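Data first, discussion second: the structure below is written as structure tokens.
The values are calculated or read from the model by the stated rules, or taken from the named source; none is laboratory data. Quantities reported herein were computed from a predicted structural model and do not represent experimental measurements. Every residue, glycine as well, gets a Cβ built from its backbone with ideal geometry; the counts of neighbours run over all protein chains shown. Please note that ligands, DNA and RNA were not included when accessible areas were found on the heavy atoms of the full protein model with its side chains. Shrake-Rupley method; radii C 1.70, N 1.55, O 1.52, S 1.80 Å.
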Amino acid sequence: MAPLFAEFFGTAILIILGDGVVANVVLQRTKGHDSGWIVITAGWAFGVTIAVYCVNSISGAHLNPAVSIALASIGSFPWNRVPLYIAAQVAGGFVGGVIVWLAYLPHWKATPDPTSKLAVFSTIPAIRAPGANFGSELIGGFMLVLALLAVLGPGNFVPGSDLAKGIGPVLVGVIVMAIGLSLGGPTGYAINPARDLGPRIAHAVLPIEGKGTSDWQYALIPIIAPTVGGMLGALCYRLVWKS
């Protein structure tokens, strides 16, 4: 059970710090209000790094169903553990969203815009165009998994070495920040179904005044597209780097 608890807590930490920085930027009357996209991408990158450091030695720090499925698709992770990892990740995302709500409790009432409130929890496309949105998230998922496998792979590190354990989480954060800065503009770069679904469920059930809809008509895109992209990224790595 330890790996499942690690995936739960790691994903919760990821959301507390990642959705937390979004709340700091978009909610009214916070110290970080309107501080911009660079703050959001940096906060997410740092949050990913810390979450990976916390649980990497226990569960491998997938913290993302797209990563678990992609690794299983190339034989690097057992398929029978994938559903349990996904359940733990989504649950962690939900709890992380609830904790962010509590951390910013006075600011929900102070923020009149329901879109800003939803943006704290889940991704929203800048221009709603389902095909293009799907493609953007697919590309982001592809780049995430490909970069994780290639950058952290045996071409650069001895698997399981102290160097890999020491610097690996930092490089994961660099990858996430690079994706956010370069590819995050169209959809907010979910690149992680649990990161979007768990907090979206929290938004739906929490008593947030004036929160509006949870935008369930969009929710399948950040679930399916990064997963497909991640599997394609893993396949590309297997064909090119491992051929």
Q: Among residues belonging to the range 1-44 that are among the hydroxyl-bearing types (Ser, Thr, Tyr) and surrounded by 20 or more Cβ atoms within 10 Å (Cβ to Cβ), point out the one that is farthest from LEU102 (Cα to Cα).
A: THR41
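Do we have THR111 as within 24 Å of MET177 (Cα to Cα) and touching a helix residue (DSSP H, G or I) at 6+ places or on another chain (Cβ under 8 Å) here? I'd like the intermediate steps shown before the answer.
Values: within 24 Å of MET177 (Cα to Cα): no; touching a helix residue (DSSP H, G or I) at 6+ places or on another chain (Cβ under 8 Å): yes.
Here the answer is no, as THR111 does not meet what is asked.
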(Q) Out of everything in the range 67-98 that is open to solvent by 70 Å² or more (accessible area, probe 1.4 Å) and among the hydrophobic types (A, V, I, L, M, F, W, C), what residue ends up being farthest from VAL25 (Cα to Cα)? (A) TRP79
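Among the candidates ALA204, ALA225, ALA178, ALA219, which residue alone is within 25 Å of PHE9 (Cα to Cα), at pLDDT 95 or above, among the hydrophobic types (A, V, I, L, M, F, W, C) and buried (at least 23 other Cβ atoms within 10 Å of the Cβ)? Talk me through it step by step, then tell me what you get.
Values: ALA204 fails: buried (at least 23 other Cβ atoms within 10 Å of the Cβ); ALA178 fails: buried (at least 23 other Cβ atoms within 10 Å of the Cβ); ALA219 fails: buried (at least 23 other Cβ atoms within 10 Å of the Cβ).
After ruling out the rest, the residue left standing is ALA225.
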(Q) I'd like to check something: does the range 147-157 contain any residue that is in contact with a Gly (Cβ under 6 Å, 6 or more places away or on another chain), surrounded by 24 or more Cβ atoms within 10 Å (Cβ to Cβ), part of a helix (DSSP H, G or I) and touching a residue at least 60 places away in the same chain (Cβ under 8 Å)? (A) no
Q. Say we look at the range 45-64 and pick out the residues that are open to solvent by 70 Å² or more (accessible area, probe 1.4 Å) and among the β-branched types (Val, Ile, Thr); which of these is farthest from the chain's Cα centre (by Cα)?
A. ILE58
Q | Members of the range 120-134 found to be open to solvent by 30 Å² or more (accessible area, probe 1.4 Å) and touching a residue at least 60 places away in the same chain (Cβ under 8 Å), listed by number | A | ILE124, ALA126, ARG128, PRO130, PHE134
**Q.** When residues of the range 179-203 are limited to those that are in contact (Cβ under 8 Å) with a residue 12 or more places away in the chain and small (Gly, Ala, Ser), the one farthest from THR49 (Cα to Cα)
**A.** ALA202
(Q) So if I check each of GLY60, GLY97, which one is within 19 Å of PHE9 (Cα to Cα), in contact (Cβ under 8 Å) with a residue 24 or more places away in the chain and in contact with a His (Cβ under 9 Å, 6 or more places away or on another chain)? (A) GLY97
